[in-house]
Amino acid sequence: MSDPAVAIALEEQYLARNYHPLPVVVASASGAWVTDVTGVSYLDCLAAYSALNFGHGHPALIKVAKDQIDRVTLTSRAVHNDRLGPFAEALATLAGKEAILPMNTGAEAVETGIKVARAWGYRVKRVAPGKATIIVMSGNFHGRTTTIVGFSDDEQAHTDFGPFGPGFITVPYGDAAAVENAIDKNTVAVLVEPIQGEAGIIVPPPEFLPRVREITSGSNVLLIADEVQSGLGRTGSTFACDLVGVVPDLYLLGKALGGGIVPVSAVVGNRDVLGVLRPGDHGSTFGGNPLAAAIALAVVELLATGEMQSRASMLGEQLLAALRGLIGHGVTAVRGAGLWAGVDIDPRLATGREVCELMLERRVIVKDTHGSTIRFAPPIVASEQDLEWAVDQLTAVLDELSHRRSAL
Ligand SMILES: *Cc1c(COP(=O)(O)O)cnc(C)c1O
């Protein structure tokens, strides 16, 4: 199928319209670049929302996947498999924790974290039956299941999808005093993204997470870090929590853990918390399958050397510096950490979507997050030249837009 219009028309006819994709039909990819059905290549500065931190078709990951496909792909947890133990050991070690619970998607890791925290609340902290609460942040994004969208304050995420279960209390993101005030005897956990991705790469004040860690430790409340998007190299460290020296009780991981090949997620923590689950309490048919475990083990091995993290940090400094140079030239603000940047476009010039469409014409894939913010999260294997070129394209798009505007 080499006609993009045909491919797009088919998707429009046969898919539910729960996405609004950019008009490019990808047929193949390698490293930081994707190629469409007509043979045109694009620099992928979205990297599947950071699920492709190590790039498309990373040779070490592809090799492991192919080898494992020939051996065994799925067992279910009704029996043991020879890849799950080594993966669990490697991931727990990478995170400095004792154990993991493997799932598939990010939302499932979040759901699992919620269940573990509640079970810990009733079985260890001795919260009265049915009373456990979890503190969450304004502007949060933790996935799309009904429990999770029930505590999202994004109108579109929850409108028409209720009714929702109780047990979540929202406080302003970045406000440690509000967290402290919201805690009572029924609080079992604080659930937080160390940097909010979907909200527009929102970096909280540096004292926020360390203070929340002190508060939660001091009041027998678990700290759960949703690192599904921020973790595994993206911010220039293994976890975004590392940037502020914070160790949560539970890490929620996903996206890049599957190496861009299969969905793999996990909850990582110590025995005193994860150990509250008993056989039959929780599960997943595909969670911990040997194909996923083999690939995720190879991902952890990539991260264990620290090279990906340093590269993200080095490239990210250049990218952020170049993007900050555009402030005042169509850009109103730039936020970020590591190789992860949110760029606020001056709303008088264009919407985020319009900028993304013009960037696509210049062969760069970027995606708007909220209204006028566009996100840059290229694969860590991108070159310095790739990133310089991407910023040049944004500069050209903004110039074009301001000329159009002054011509009005
Ligand atoms: C993407 C994301 C999720 C959900 O992951 P899925 O694999 O899409 O279910 C959860 N939390 C954060 C912070 C995310 O960015």
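The values are calculated or read from the model by the stated rules, or taken from the named source; none is laboratory data. From a predicted model like this one, the values you see are computed outputs, not experimental measurements. Counting neighbours? That spans all protein chains shown, and the Cβs are built from the backbone with ideal geometry, glycine included. Remember, those area values only see protein heavy atoms, side chains included, never the ligands or the DNA or RNA. Shrake-Rupley method; radii C 1.70, N 1.55, O 1.52, S 1.80 Å.
Taking only protein heavy atoms and a 1.4 Å probe, the accessible area of segment 72-304 is 54% carbon and sulfur.
The stretch between A182 and S2, if pulled fully straight at 0.36 nm per residue, gains 59.2 nm over its current Cα-Cα span. Taking 7 Å steps out from each Cα toward its Cβ at T145 and T170 produces label points 2.0 nm apart.
Assuming 0.36 nm per residue, please report the length gained on full extension of the stretch Q156 to Q385 beyond their Cα-Cα distance.
On the way: separation 229, 0.36 × 229 = 82.44 nm, distance 3.80 nm.
Full extension from Q156 to Q385 adds 78.6 nm.
With Cα atoms defining each centre, segment 287-360 and segment 362-394 are spaced 7 Å apart in the structure. Taking all protein chains as they are arranged and a probe of 1.4 Å, the heavy atoms of W389 leave approximately 70 Å² accessible to solvent.
Karplus-derived 3J(HN,Hα) values for segment 106-115, using 6.51 cos²θ - 1.76 cosθ + 1.60 with θ = phi - 60°, are x, 4, 5, 5, 5, 4, 5, x, 5, 5 Hz; glycine and proline are entered as x.
Between V37 and R348, the simple label model (points 7 Å from Cα in the Cβ direction) yields a spacing of 4.2 nm. Measuring from a point 7 Å past the Cα of S76 along Cα-to-C-beta, which residues in segment 239-267 have an amide N at less than 11 Å? Zone members listed by number: none at all. Solvent-accessible surface of segment 72-304, averaged per residue with a 1.4 angstrom probe and all protein chains in place: 40 square angstrom.
Short-range pairs are left out: with C-alpha atoms under 8 Å and at least six residues apart, the relative contact order of segment 72-304 is 32 percent.
Considering only DSSP beta bridges with both partners in the chain, what is the antiparallel share in %, to the nearest 5? About 65 percent, rounded to the nearest 5.
If a spin label sat at a point 7 angstrom from the Cα of H329 along the line to its beta carbon, the backbone N atoms of segment 376-399 nearer than 17 Å would be those of 387-399.
Ordered by solvent-accessible area of protein heavy atoms (1.4 Å probe), largest first, the residues K115, K125, K66, K185 come out as K185, K66, K115, K125.
Between L22 and E214, the contour length at 0.36 nm per residue exceeds the Cα-Cα span by 64.8 nm. Seen against the Cα atoms of the chain and their longest principal axis, helix 352-361 is set at about 60 degrees. Projected label points at E98 and A407, each 7 Å from Cα along the beta carbon direction, are separated by 6.7 nanometres. In terms of accessible area, using a 1.4 Å probe and ignoring ligands and nucleic acids, T35, T93, T73 rank largest first as T93, T73, T35.
Expressed to the nearest 5 percent, the antiparallel share of DSSP beta bridges inside segment 72-304 is 40 percent. Backbone phi angles across segment 393-408, fed through the Karplus curve with coefficients 6.51, -1.76 and 1.60 (θ = phi - 60°), yield HN-Hα couplings of 5, 5, 4, 5, 4, 5, 4, 4, 5, 6, 5, 4, 5, 6, 6, 5 Hz in residue order; Gly and Pro are listed as x.
Each peptide in 156-169, 7-20, 338-351 receives the mean, over its residues, of other Cβ atoms within 10 Å, and ordering these scores from highest gives 338-351, 156-169, 7-20. All alpha carbon pair distances within segment 273-408 were sorted into 5 Å bins beginning at 0; the resulting P(r) in whole percents reads 2, 9, 16, 17, 13, 9, 9, 9, 6, 5, 3, 1, 0, 0. Given the C-alpha centroids of segment 253-275 and segment 113-136, what is the distance between them in whole angstrom? Value for the Cα centre distance between the two parts: 21 Å. Expressed in units of 2.2 N^0.38 Å, where N is the residue count, the Cα radius of gyration of segment 72-304 is 0.96.
Given in Å, the Rg to one decimal and the Dmax to the nearest whole number for the Cα atoms of the chain are 21.5, 69.
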